[in-house]
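The values are calculated or read from the model by the stated rules, or taken from the named source; none is laboratory data. Keep in mind that what you see is a predicted model, and the values were worked out from it rather than measured. Quick reminder, even Gly has a Cβ in these numbers, built from the backbone with ideal geometry, and neighbours come from all protein chains shown. Side chains are part of the model used for accessible areas, which takes the heavy atoms of the whole protein and leaves out ligands, DNA and RNA. Shrake-Rupley method; radii C 1.70, N 1.55, O 1.52, S 1.80 Å.
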Amino acid sequence: MGGNSRRPHGLVRLAAVGAAAVAGAALLSGWDADGTAGGAQGRAPDRTAAELAAPSPSADGVRTLKPGQTLTVAISPNNTFDIPASSADVTLTALKQADRLPQVEHLHPEVAERGMTFVCLEFKVKNVSTEEFDTSHLSRARWTGKDGETTKVDQEISGNCAALGLVEENLLTEPDPRPGEFVRGATVFEVPDGQAGTLEFADGLDHPMFKVGTTASR
């Protein structure tokens, strides 16, 4: 056919301008045009404070909650028992571990069993749904050690962490918050102390909500 295969000058000019704009944007963002770190700053953009404070997922995808962090958790509906779906913003306001829990005057300290330690968790639970939020899901957990050892643990009703600086209220005896309400309370567990581990909380259908890390006491 012998036709001219070159593109019109106007299209070539537009393509060049577009490529320059992409490269410029990449440099301003701290990334090279090929997608590698570098550019004007020589590093990736800084993460925001909110991203740094957000609970991080573990290897199995369950978020790990640390003191001072907040996450929104959901309770799955259960049609069999007429339990509606609900959700709440859960804040871990304090975490303490101890082998002895001092009690009020004239009462002996609560002492953990041999090879065990107390984990005191203080929560603020704010209902962000349209249904009452059942806080009893924060009074039982599954503890799993670093080596894979696992066991179910329930709240120690007699345990009182107030002497360690936590609130006196036991979360299990506080009212379930209705929409817009919140409660504060402590939950006490007794877990093995020979290795680090995690407490995993789940809803009534055993859907994991979040984890809290524990440390070895010896």
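Before moving on, here are some points about what is shown:
- Cβ-Cβ contacts under 8 Å between residues 6 or more apart (or on different chains), taken from a first residue in the range 136-165 that is without any contact (Cβ under 8 Å) to a residue 24 or more places away in the chain and of a type outside the set (D, E, K, R) to a second residue that is assigned to a loop (DSSP other than H, G, I, E, B) and open to solvent by less than 10 Å² (accessible area, probe 1.4 Å), are absent.
- Subset of the range 179-195 (residues that are among the small types (Gly, Ala, Ser) and under 22 Å from GLU110 (Cα atoms)): GLY185, ALA186, GLY194
- Selection count, the range 178-210, where residues are open to solvent by less than 60 Å² (accessible area, probe 1.4 Å) and in contact with a helix residue (DSSP H, G or I) (Cβ under 9 Å, 6 or more places away or on another chain): 9
- Residues of the range 92-134 that turn out to be within 15 Å of LYS66 (Cα to Cα) and over 18 Å from the mean Cα position of the chain (by Cα), as a count: 1
- Screening GLU122 with (1) open to solvent by 50 Å² or more (accessible area, probe 1.4 Å); (2) out of contact with any helix residue (DSSP H, G or I) (no Cβ under 6 Å at 6 or more places or on another chain) gives one miss only, at (1).
- Residues in the range 178-202 that are more than 17 Å from LYS124 (Cα to Cα), in a loop (DSSP other than H, G, I, E, B) and among the charged types (D, E, K, R): ASP193 alone.
- Candidates GLU105, GLU132, filtered to the one that is open to solvent by 30 Å² or more (accessible area, probe 1.4 Å) and at pLDDT 80 or above: GLU132
- Residue among ALA94, ALA74 that is touching a Leu at 6+ places or on another chain (Cβ under 9 Å), small (Gly, Ala, Ser) and part of a strand (DSSP E or B): ALA94
- Counting only residues that are in a loop (DSSP other than H, G, I, E, B), open to solvent by less than 60 Å² (accessible area, probe 1.4 Å) and under 29 Å from LEU107 (Cα atoms), the range 140-177 holds 8 of them.
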